[in-house]
Structure formats: structure tokens, C-alpha cells
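Student: Structure incoming, see below.
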Amino acid sequence: MNNRAHAIKDRWNALADDWNRFRTKPVVDNIIADPMSYFRTELQALFQRFVGDFAGREVLVIGSGSGRAAFAFHLLGARVTALDLSEKQIEHTASVARAYDWDISFINDDAVTLRRIDLDRYDFVYMPNGVLFWIDDLSALYASVRRVLKPGGLYLTYDMHPFMPPFDFGNTSKAVLIRDYDNVGPMGDMATYHWRMQDIVNAMVASGLRLVHMEEMKAASGTFWVDEDKAGEIPPAELAQLYKRETNPLYALPQCLSLVARK
């Protein structure tokens, strides 16, 4: 593991305790009550179209973070492996799973290399929102994903649309560019990346994965545009204005992207 990966791991280990707010009993109980409802409706439709029944499927969640997606897939009947670079995130998430006696495998590993993941094992690999931001080598990532998928296995990612990062989220009353679309990074102390559509798709296709579907989506929540910790301080009527092109020009663009590929 290189110095950058160690720095990212340290950052997420430091944040892991705070992320317990996404693993509280009320949060988990909501997932138990309706596992599929954790995922936005567009993703539910993609799961139904391309996966169908998760029962008995081998599922890998890359960048499992709070563990909510892993919990949901487990409750849908899948045999789940949750992978994260942060040992502390894994520790907290595994603690929740033990409390509910859920049989979920937890692995501390690098998403780019997937060194600890078996060859040709998984029916479905899911990469949730926020993971691509940290990836510095898309070619290596998708080569690893292809390696761990079974023949015919499916990969699905859901993340921020590449059209969004060039704009200033702090000023939604008008579209203000703060950088060029072609400026992908590295950026900041953590050397993060805002990949373009062509970077993602070309790396995926070059790995041997076959792109079978692309879906562009609007933000699922008005809090997409604001700091999640401060969302509760904003009146609902004000958040609702973020869903209107007339008061938020950026709403005219897709905010989220999902890609589905098959080995």
C-alpha cells in the first residue's frame, strides 16, 4: 500500500466513529423493515432488471463505509462480502452485523487491487456513491473488478455525475464554474479525483467488462446540494427550491450516474 492509500485509510479511520450516526438502531431497523428501500427507486429498478432475486447470490460491496448497502443485500438473501480500506469502518460495521447475528464477511482491503478477494467468485459487485472520488487508477480498479466477477457476473456503480464537480455547490442560484471539466486531479491533500465520463467508461471497457446500461439521474434528495450535517437547519421549503431549475440552474443537469457492466 502506497503513502496515499495509508493517508486515506487514516482519514477514514478518524471519521469512523462519527459515521456511527449512519449505523444507529433506528437506521438499521428501517433497513430491516424494507431492505430494498435503502436504495433509491432508480437503483431498485436496475436491480430488478439486471439481477432479479438476490437470494443466494454472491455480492461484493466495494467501499462499504457505513455498511448499510451490505446490510440491505444480506437481508435480501445475498451472501455478502463488505470491503473497505478503513479498519475502523469495518470494525464498527461488523459490530452491528454481530449484534443482529448476520452472516456477512468483512474484509479490509484496497478497492483498486482487491488483493484479498477470490478470482471469479461474485455474481454481483456494487460500488456505492462516493468511492470513485478516491480511486487514482481506474484501469487497475476495473481490471480487479473483472477478475473477481464470475463469468456473466454484473458490476453496478452509483455515484455523482461527472458533470457536477466543475460547479460551485455553494452557489446554487446560478451556475458558477470553479474548474475545467478536463481537470480531473489529483486535488487537495488527499489527492482525490473527479473523473470524466470518458475516463470511467473507457477504463471499464478496456478491462474487458461490457457496458450494458447507463442511467443519468436527478438528486434523490435536496441535501445533495448542502452539507448533510446542516440539512436539518434548512427549512423544507428552502430545500425544495433546490429541485427546481428556475431557482437552481444546476438541477437542469443530471446529478447522479449509474453504470452497469457485465463480465
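The values are calculated or read from the model by the stated rules, or taken from the named source; none is laboratory data. Owing to the predicted nature of the structure, the values given are computational and were not obtained by experimental measurement. Neighbour counts are summed over all protein chains in view; Cβ atoms, including those assigned to glycine, are modelled from backbone coordinates with ideal geometry.
Student: Is there a residue in segment 24-32 that is more than 21 Å from Gly130 (Cβ to Cβ), modelled with pLDDT of 95 or more and part of a strand (DSSP E or B)?
Tutor: no
Student: What tally of residues in segment 93-120 results from selecting those that are aliphatic (A, V, I, L, M), in contact with a Ser or Thr (Cβ under 9 Å, 6 or more places away or on another chain) and assigned to a loop (DSSP other than H, G, I, E, B)?
Tutor: So the answer is 5.
Student: OK, next. Looking at segment 67-84, which of its residues are buried (at least 22 other Cβ atoms within 10 Å of the Cβ), out of contact with any Leu (no Cβ under 9 Å at 6 or more places or on another chain) and either part of a loop (DSSP other than H, G, I, E, B) or of a type in the set (S, T, N, Q) (or both)?
Tutor: Within segment 67-84, Gly67, Ala78 qualify.
Student: Every residue in segment 1-53 that is over 21 Å from Lys88 (Cβ atoms) and aromatic (Phe, Trp, Tyr), please.
Tutor: Passing the criteria: Tyr38, Phe39, Phe47, Phe50.
Student: Scan segment 98-127 for residues that are within 20 Å of the chain's Cα centre (by Cα) and hydrophobic (A, V, I, L, M, F, W, C) and jot them down.
Tutor: Ile104, Phe106, Ile107, Ala111, Val112, Leu114, Ile117, Phe124, Val125, Met127
Student: Still on this model: Name, by its number, the condition in (1) aromatic (Phe, Trp, Tyr); (2) at pLDDT 95 or above; (3) within 17 Å of the chain's Cα centre (by Cα); (4) under 23 Å from Arg68 (Cβ atoms) that does not hold for Tyr142.
Tutor: So Tyr142 meets the others, but not (4).
Student: Here's something else I'd like to know. Provide a single number: the residues in segment 219-235 that are of a type outside the set (Ser, Thr, Tyr), more than 24 Å from Leu154 (Cβ to Cβ) and either in contact with a helix residue (DSSP H, G or I) (Cβ under 8 Å, 6 or more places away or on another chain) or not in a helix (DSSP H, G or I) (or both).
Tutor: 9
Student: Test Tyr158 against the stated conditions and say whether it is touching a Pro at 6+ places or on another chain (Cβ under 7 Å), at pLDDT 95 or above and either among the basic types (Lys, Arg) or crowded, with 21+ Cβ neighbours inside 10 Å (or both).
Tutor: yes
Student: For segment 204-213, state whether one or more residues are more than 18 Å from Leu253 (Cβ to Cβ), of a type outside the set (A, V, I, L, M), assigned to a strand (DSSP E or B) and touching a residue at least 12 places away in the same chain (Cβ under 8 Å).
Tutor: yes
Student: What are the pairs with Cβ atoms under 6 angstrom where one residue, in segment 31-49, is β-branched (Val, Ile, Thr) and the other, located anywhere, is assigned to a helix (DSSP H, G or I) and at pLDDT 95 or above? Sequence gap at least six, or different chains.
Tutor: Ile31/Tyr38; Ile31/Phe71; Ile31/Ala72
Student: Of the residues Ala219, Ala175, only one is within 26 Å of Asn248 (Cα to Cα), surrounded by 17 or more Cβ atoms within 10 Å (Cβ to Cβ) and either more than 17 Å from the chain's Cα centre (by Cα) or among the hydrophobic types (A, V, I, L, M, F, W, C) (or both); which?
Tutor: After applying the criteria, what remains is Ala219.
Student: While we're on this one: Based on this model, can you work out whether Arg21 counts as assigned to a helix (DSSP H, G or I), of a type in the set (Lys, Arg) and touching a strand residue (DSSP E or B) at 6+ places or on another chain (Cβ under 9 Å)?
Tutor: no
Student: Next question, about the same structure. Look at Tyr126 and say whether it is within 30 Å of Asp182 (Cβ to Cβ), in contact (Cβ under 8 Å) with a residue 40 or more places away in the chain, in a strand (DSSP E or B) and not hydrophobic (A, V, I, L, M, F, W, C).
Tutor: yes
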